[in-house]
1. For region 80-93, enumerate the residues that are within 16 Å of TYR56 (Cβ to Cβ) and touching an Asp or Glu at 6+ places or on another chain (Cβ under 7 Å).
2. I want to confirm something. Restricting to region 193-211 and keeping residues that are in a strand (DSSP E or B) and out of contact with any strand residue (DSSP E or B) (no Cβ under 6 Å at 6 or more places or on another chain), which single residue is farthest from TYR110 (Cα to Cα)?
3. Does LEU136 meet the test of being surrounded by fewer than 16 Cβ atoms within 10 Å (Cβ to Cβ) and within 20 Å of the chain's Cα centre (by Cα)?
4. Within region 176-186, work out how many residues are in contact with a strand residue (DSSP E or B) (Cβ under 6 Å, 6 or more places away or on another chain) and free of Cβ contacts under 8 Å to residues at least 60 places away in the same chain.
5. Report, ordered by the first and then the second residue, all pairs with beta carbons closer than 6 Å, sequence separation of six or more or different chains, a first member in region 66-77 that is among the acidic types (Asp, Glu), and a second member that is assigned to a strand (DSSP E or B).
6. What strands (runs of 3 or more DSSP E) lie completely within region 26-115 and have 3 or more residues being surrounded by 15 or more Cβ atoms within 10 Å (Cβ to Cβ), at negative phi and in the same structural domain as LEU155 (by TED's automatic domain parsing)?
7. Consider ASP161 carefully, then state whether it is farther than 30 Å from ILE205 by Cα and not hydrophobic (A, V, I, L, M, F, W, C).
8. Can you tell me which residues in region 219-244 are exposed (fewer than 15 other Cβ atoms within 10 Å of the Cβ) and outside any loop (DSSP other than H, G, I, E, B)?
Amino acid sequence: MENKNLIISAILIVAVLGFISNIKITGYVTDTTCTDSDEGKNSEKFGICESGGFEYKDSCLGNNLLAERYCDSKKNCAAASIHCSTKCVEGVCVKEINVGVHTVHAKDIYSISDSLIKVNEITESGSLILDVNGVLGTVEVEETRLIDNIKFENLNTSNLDDASAREVSLSILFPTYYLLSLNESITIDQNVIILKQINPPRDIILNINDDDYEIKTRMSKTINSLIITNVDIINDNEVIINTNNENYLK
């Protein structure tokens, strides 16, 4: 009888072990996916890393030290300390720029001369909401607006259907600077200025009151009381000129 009980017990143990072996224990499985909105160690773009149900934001550890979050090889959010050559503001190494046309994204932060420009938002219609030294302003598509003594022109937009990928081609100039296209004209103090010819990368020809003047890049000429500087040749069709002696460039 005792042997029979032992045999029955052994059969039950085997049956239980067989049942357990078919059970999948899922309570301790971790989420192995990892996403990073700025796609890696991108110090000039704000990002949020998400893994295991938690999110970690890029942040400043000091005036010029950035904690940059990214996905490591094990699909976990890790952090890298990056020294900013300028300064760290709101989880971004500030990008130092000069006057010109720039492709900007939401949460980008730029420094030009002594001014700080924050791209707070790009709306679904392509409008830009900017913070310039604490002064807020909105620049609609194809609009030019002066915000805290900096001139912005919202030239065109792309990827507006994707909030995380929206881009704006933005002209950033000082008040006396102008972005001119070939054959475009402007009038300043009764002087009609026409961009007649572009000879990349060195010089342009301006027609001013029916007379032609050649001006080399980063050089100036005094014409009818105007000091005109060929600031930069953007491409074969566009240049930036400065129309007085206020030189904001570093």
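1. Scanning region 80-93 gives ALA80, ILE82, GLY91, VAL92.
2. ASP211
3. On the way: surrounded by fewer than 16 Cβ atoms within 10 Å (Cβ to Cβ): yes; within 20 Å of the chain's Cα centre (by Cα): yes.
Criteria met by LEU136.
4. Taking region 176-186 as the starting set, the residues that turn out to be in contact with a strand residue (DSSP E or B) (Cβ under 6 Å, 6 or more places away or on another chain) are 176-182, 184-186.
Retained after the next criterion (residues that are free of Cβ contacts under 8 Å to residues at least 60 places away in the same chain): 181-182, 184-186.
Residues that pass the stated criteria total 5.
5. Here the result reads GLU68/ALA80; GLU68/ILE82; ASP72/ALA78, each pair linking region 66-77 to a residue that is assigned to a strand (DSSP E or B).
6. Working: elements: 34-36, 48-51, 54-57, 65-71, 77-83, 100-104, 109-112.
Fully inside region 26-115 and qualifying: 100-104, 109-112.
7. Values: farther than 30 Å from ILE205 by Cα: yes; not hydrophobic (A, V, I, L, M, F, W, C): yes.
The answer is yes for ASP161.
8. THR222
The values are calculated or read from the model by the stated rules, or taken from the named source; none is laboratory data. What you see is a predicted model, and the numbers here were worked out from it, not measured in a lab. Neighbour counts are summed over all protein chains in view; Cβ atoms, including those assigned to glycine, are modelled from backbone coordinates with ideal geometry.
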